[in-house]
Amino acid sequence: FFLQLRDENLQPLPGIEVGDLGAKAGENEVDIGYLRLKDVRVPRRHMLEKRQHVSPDGAYVKHDLGGGANNDKAAYLTMMTARVNLVAGAAVFLSKGATIAVRYNAVREQGFKDTGKGQTYRAAENKIIDYQMNQYVLLRELSLAFAIRFTSNWLTSRMNELSANPDDAGADLPEMHASAAGLKGYCCNAAAKGLEELRLTCGGAGYLMASGIAPLVADYKWRATAEGETVVMLLQTARYLMKACEDAQ
């Protein structure tokens, strides 16, 4: 519904309370507010009524827009678009984190190359990217960023095809839903964990906000639960796979 919240002086109208939820773990440049209504009447005709409306006697009436089942498919595809976009975002954030971590590891030195006697503090040191443990983490997360990017490109392309031709979406819709749900759950969770692993390879510098990777970790974490918590998303994919197995048998 739509509703007037403020008067001509931009003050909240009687019964309306608005405010900010306060500081968050990350992305504090994005405001998240709240709205509380107390004894405020919203006119029935102020509800958004393109697809349905409520009659004066309280009956829920669904509109026939002429597209039949295709209207429901289009609305369903719109809902899945958010998950597809989150998969693409996982690749972007993980790529940024990998870039920062690899570059820092390539210039940071720690540990003498020659640990024999007679060496001074001026002796040559190893770059931390030369340590196998750091190489493992850096290459693993960099590879995952590429894998998520390639996957998100396919997912986005497929979503665009289905959105442009909802008439053909019927048979492919369940698989697309399962793919979007599973990939959203896995990719966002993997990216959140991967960013933290990359931050740790930067040592103490990775804890500084100036490093770029510390705020990146904080800003990204909420995406692991946005538009569907990880376990819930994976269960939706698992349910589709179990049903596909039963149909095959």
What tally of residues in segment 30-44 results from selecting those that are surrounded by 10 or more Cβ atoms within 10 Å (Cβ to Cβ) and either acidic (Asp, Glu) or out of contact with any strand residue (DSSP E or B) (no Cβ under 8 Å at 6 or more places or on another chain) (or both)? 1
Residue 58 passes all but one of (1) at pLDDT below 85; (2) exposed (fewer than 11 other Cβ atoms within 10 Å of the Cβ); which number fails? (1)
Can you pull out the residues in segment 200-210 that are open to solvent by less than 40 Å² (accessible area, probe 1.4 Å), in a helix (DSSP H, G or I) and either of a type in the set (A, V, I, L, M, F, W, C) or within 21 Å of residue 23 (Cβ to Cβ) (or both)? 205
Only one of these is more than 28 Å from the chain's Cα centre (by Cα), farther than 24 Å from residue 76 by Cα and open to solvent by 50 Å² or more (accessible area, probe 1.4 Å): 136, 131. Name it. 131
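For (1) in contact with a helix residue (DSSP H, G or I) (Cβ under 8 Å, 6 or more places away or on another chain); (2) over 30 Å from residue 32 (Cα atoms); (3) surrounded by 15 or more Cβ atoms within 10 Å (Cβ to Cβ); (4) in contact (Cβ under 8 Å) with a residue 12 or more places away in the chain, each residue gets a yes or a no:
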| position | (1), (2), (3), (4) |
| --- | --- |
| 147 | no, yes, no, no |
| 162 | yes, yes, yes, yes |
| 174 | yes, yes, no, yes |
| 188 | yes, no, yes, yes |
| 236 | yes, no, yes, yes |
| 241 | yes, yes, no, yes |
| 247 | no, yes, no, no |
Filter segment 25-48 for residues that are in contact (Cβ under 8 Å) with a residue 24 or more places away in the chain and part of a loop (DSSP other than H, G, I, E, B) and give the result. 25, 26, 27, 39, 40, 42, 47, 48
For segment 67-103, how many residues meet the condition of being farther than 16 Å from residue 217 by Cα, modelled with pLDDT of 85 or more and open to solvent by 40 Å² or more (accessible area, probe 1.4 Å)? 3
Given 109, 49, 27, which one is farther than 28 Å from residue 193 by Cβ, surrounded by 11 or more Cβ atoms within 10 Å (Cβ to Cβ) and acidic (Asp, Glu)? 49
Among the candidates 232, 217, residue that is open to solvent by 70 Å² or more (accessible area, probe 1.4 Å), of a type in the set (A, V, I, L, M), closer than 22 Å to residue 88 by Cβ and not in a loop (DSSP other than H, G, I, E, B): 232
Taking segment 103-133 as the search range and keeping residues that are among the aliphatic types (A, V, I, L, M) and not in a helix (DSSP H, G or I), which one is nearest to residue 202 (Cα to Cα)? 124
Going through segment 1-24 one residue at a time, which ones are over 27 Å from the mean Cα position of the chain (by Cα), charged (D, E, K, R) and surrounded by fewer than 10 Cβ atoms within 10 Å (Cβ to Cβ)? 8
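The values are calculated or read from the model by the stated rules, or taken from the named source; none is laboratory data. Note that the coordinates shown come from a computational prediction; the quantities given were computed from them, not determined experimentally. For neighbour counting, all protein chains shown are included, and Cβ atoms are generated from backbone atoms with ideal geometry for every residue, glycine included. Note: areas computed on protein heavy atoms with side chains; ligands, DNA, RNA excluded. Shrake-Rupley method; radii C 1.70, N 1.55, O 1.52, S 1.80 Å.
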